Amino acid sequence: MENELQDIEDDGVALRWALGCAVAGYRERANTIQQGWYFRSGLALLIAFLALREFFAPLLIFAYRMNYLGLAHFLGLRTAGDDYRRVIPVLEATPAWLPVLWVAAGLLFLVALWRMLRRSEASAVPFFLAFALDVVGIWEVHAIQAATGIVVTPNPLMRSAGVALTLATGLVLWRMTRKKPGKLTEHG
C-alpha cells in the first residue's frame, strides 16, 4: 500500500484510497475474528438461546392446556409478571397452529446452528426462515393481545430489541458463512 501511495498525486484521491485501505484491513481482521473459536462459540450460544426461546411459549401453552399446572407455574415465573395465570386468556385464545409455527422456527434455528458448526455455507437460510416464522408469530400475538386485552410483553422496547438482536445475529451468521467471491467450489 505504501508503494502505491506515492503514485497518487491528488490529496482527495489519496484520502479516499487510504480510507479504502483502512476499511479493507478492518474487514480482513473482522473475518479472522469471526472464524475464531470464541466468536463462533458465542454465536452458537446465541442461536441456541433463540431456539430455546421459540420453544418456551408452546411449552407453556401445552402445560396449561394439558393441566400440568406445576410446569405452567414454573414457566410462568419466567414471564413478565411472574405468573402464568395473568396470561390465561391469551393461552386459551392462541390457535393450535401458532405453537406449531414456533416449534418449527425453533427447529429451523437448531438446523442453522448445526450447519454453522459444520461450517456449511447455507446456514443463514434456515436462520432467516425461522426469523420469518417468528415475525409471523409476533403479528399473531399482537392480534391475540388486542382481542383479549392482555399484553404478554408489557415493554415493547424489549420485543423490538429481541427482533433487532435476532436480525443482527442472522446478518453476522450470513456474513460468516456466505460463499466468498472468487473462491472455487468443487464443481468449478
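The values are calculated or read from the model by the stated rules, or taken from the named source; none is laboratory data. None of the values given here were measured: they were computed from a predicted structure. Glycine gets a Cβ as well: all are built from the backbone with ideal geometry, and neighbour counts include every protein chain shown.
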Inset, instruction - Those residues that are among the aliphatic types (A, V, I, L, M), surrounded by 14 or more Cβ atoms within 10 Å (Cβ to Cβ) and at pLDDT below 90, I need them from the stretch 139-162; list them, please. - result: 150, 151, 152
Inset, instruction - Restrict the check to the stretch 102-119 and report whether at least one residue is under 15 Å from residue 60 (Cα atoms), in a helix (DSSP H, G or I), under 16 Å from the mean Cα position of the chain (by Cα) and of a type in the set (A, V, I, L, M, F, W, C). - result: yes
Legend entry - Any chance residue 107 is in contact with a Pro (Cβ under 9 Å, 6 or more places away or on another chain) and either surrounded by 17 or more Cβ atoms within 10 Å (Cβ to Cβ) or closer than 30 Å to residue 176 by Cα (or both): yes
Inset, instruction - Assess whether residue 148 counts as being over 16 Å from residue 56 (Cα atoms), among the hydroxyl-bearing types (Ser, Thr, Tyr) and touching a Phe, Trp or Tyr at 6+ places or on another chain (Cβ under 8 Å). - result: no
Legend entry - Residues located in the stretch 72-81, provided they are more than 18 Å from residue 149 (Cα to Cα) and surrounded by fewer than 16 Cβ atoms within 10 Å (Cβ to Cβ): 73, 74, 77, 78
Inset, instruction - Could you give me the residue pairs with C-beta distances under 6 Å whose first residue belongs to the stretch 56-85 and is aromatic (Phe, Trp, Tyr), whose second residue is assigned to a helix (DSSP H, G or I) wherever it lies, and which are 6+ apart or on separate chains? - result: 64/72; 64/91; 84/72; 84/76
Inset, instruction - Kindly list, by first and then second residue, each pair from a residue in the stretch 130-154 that is assigned by TED's automatic domain parsing to the domain that holds residue 48 to a residue that is of a type in the set (S, T, N, Q) and part of a helix (DSSP H, G or I), limited to pairs with Cβ atoms under 6 Å and residues at least 6 apart or on different chains. - result: 131/166; 151/145
